[in-house]
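Each value in this text was obtained by applying a stated rule to the coordinates, not by laboratory testing. Given the structure is predicted, the values throughout are model-derived calculations rather than measurements. Reconstructed Cβ throughout: ideal geometry from the backbone, glycine too, with neighbour counts over all protein chains shown.
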Ligand SMILES: CC(C)(COP(=O)(O)OP(=O)(O)OC[C@H]1O[C@@H](n2cnc3c(N)ncnc32)[C@H](O)[C@@H]1OP(=O)(O)O)[C@@H](O)C(=O)NCCC(=O)NCCS
């Protein structure tokens, strides 16, 4: 496939001319039906609803039934995103799934999702950057589109943490929920692209929807502060399973500090790369790990809380799914509209982090 022409755009906030390869053409989400409120934990652990709400902002989360796998949870989100983009499955020529709770070790959840969707064309692969997975996948899809590999990429974040949390560890089991979110990232060049026509943002003269700047980072020295010891470095035995040694482990206090610092750094870097001020961003879409992490970041950046979108109270930390779920829910509720400038940032195990500035 030929490399698409990158659009040269003049932005409404008086930017210099910028090039964008892709834009978000559609979004969708899906969560399990089962609601698990904080009293579930208070019924068998030394914790309370009040403590969990105050320290995390979480009131409830959704957990999947044990027989549900990641590709199954992702499928409705993917179908919704494709329909929202005004496309059909036949238009999708790439599937990237960010997850750390795949259906199997292999084949990839992306291939299994491709099969569920009845798609036969294009590339498909999984990507593991833990809670930063969706941002990593978005940046990867943008680069694949820019290189001409594909035109309409389905970018999915899905995780089923109810499968990997230790129900007896009050410092971690209260935090996580299950969910799936998806976006369709489409080539900006309108030729041959069914979504291209909707790219012009009404209400913001001259502003084009699209990804304007991004940056990713990682520091493997943080690996032992947040991890799941179940793999070739830590081979499970019947005894280790019985002792729950294969479940997620975290030093919450340390992770909290690093998360705030990295989210602030990456926000500043992406804004600097785009050459715009923090005050020009309409909404901040940050990985929903802990409400206090998100608000600490906002305070440090000097951002009004009204610009920081939050839905952690309903879903907890859904890892790779949290950002596409927040995007899909905010769009459906009319909180974010075409033309809004969004700063999307994430931090996760690894450690990994990333940021994307885009016009919705
Ligand atoms: C886990 C987290 C909520 C704990 O909150 P915190 O305010 O940092 O609490 P601390 O870890 O300092 O612990 C304070 C006390 O609360 C206790 N505690 C921990 N979980 C508790 C719970 N569910 N209920 C009641 N008490 C709890 C701790 O044992 C500790 O008790 P101690 O002082 O007797 O040792 C918080 O550290 C956090 O959110 N960290 C980041 C987690 C995260 O986002 N991870 C994913 C990144 S993508």
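Considering only 236, 324, 32, give the residue with the highest GNM mean-square fluctuation for the chain, with springs between Cα atoms whenever their separation is below 10 Å.
Taking springs between Cα atoms under 10 Å, the residue moving most is 236.
Between residue 120 and residue 223, how many nm apart are label points set 7 Å from Cα along the C-beta direction?
Between residue 120 and residue 223, the simple spin-label model gives 4.2 nm.
Mind checking which of 231, 339, 86 has the largest fluctuation in a GNM of the chain, springs on alpha carbons under 10 Å?
It is 231.
GNM, the chain, Cα, under 10 Å: largest mean-square fluctuation among 232, 345, 286?
232
Measure nothing fancy, just the Cα-based angle from helix 70-84's long axis to the longest principal axis of the chain, in degrees from 0 to 90, nearest 10.
Taking the Cα atoms of the chain, the angle to 70-84 is about 20 degrees.
Which angle between 0 and 90 degrees, to the nearest 10, do you get for helix 291-301 versus the longest principal axis of the chain when only C-alpha atoms count?
It works out to around 50 degrees.
Which order do peptides 308-315, 60-67 fall in by mean Cβ count within 10 Å, highest first?
On the way: 308-315: 19.5, 60-67: 17.1.
Ranking the peptides 308-315, 60-67 by packing returns 308-315, 60-67.
Residue 249 to residue 237: extension gain in nm, 0.36 nm per residue of separation minus the Cα-Cα distance?
Extra length available between residue 249 and residue 237 comes to 2.6 nm.
Working from the alpha-carbon coordinates of the range 249-360, get Rg over Rh, Rh being the Kirkwood radius. Display every interim value, and only then the final one.
Working: Rg = 13.2 Å, Rh = 14.1 Å.
Dividing the radius of gyration by the Kirkwood radius yields 0.94.
At q = 0.13, 0.14 Å⁻¹, work out log10 I(q)/I(0) for the range 8-360 with the Debye formula, treating every Cα as an identical point scatterer and leaving solvent out; two decimals please.
Debye intensities relative to I(0), on a log10 scale: -0.96, -1.11.
Report, in deg cm²/dmol and to the nearest 500, the calculated mean residue ellipticity at 222 nm for the chain, where each DSSP H run with n ≥ 4 adds -39500 (n - 2.57) and the sum is divided by the residue count.
-8500 deg cm²/dmol
For the range 49-124, rounded, prolate or oblate, judged on the Cα gyration tensor with a ≥ b ≥ c (square roots of eigenvalues), a/c < 1.5 rounded, else prolate if a/b > b/c?
prolate
If you fit an axis through the alpha-carbon atoms of helix 322-332 and take the longest principal axis of the Cα set of the chain, what angle between them do you get, 0 to 90°, nearest 10?
So the inclination is approximately 50 degrees.
Mean separation of Cα pairs under 8 Å and 6+ residues apart, divided by the residue count of the chain: what relative contact order is that in percent?
Rounded, it is 25 percent for the chain.
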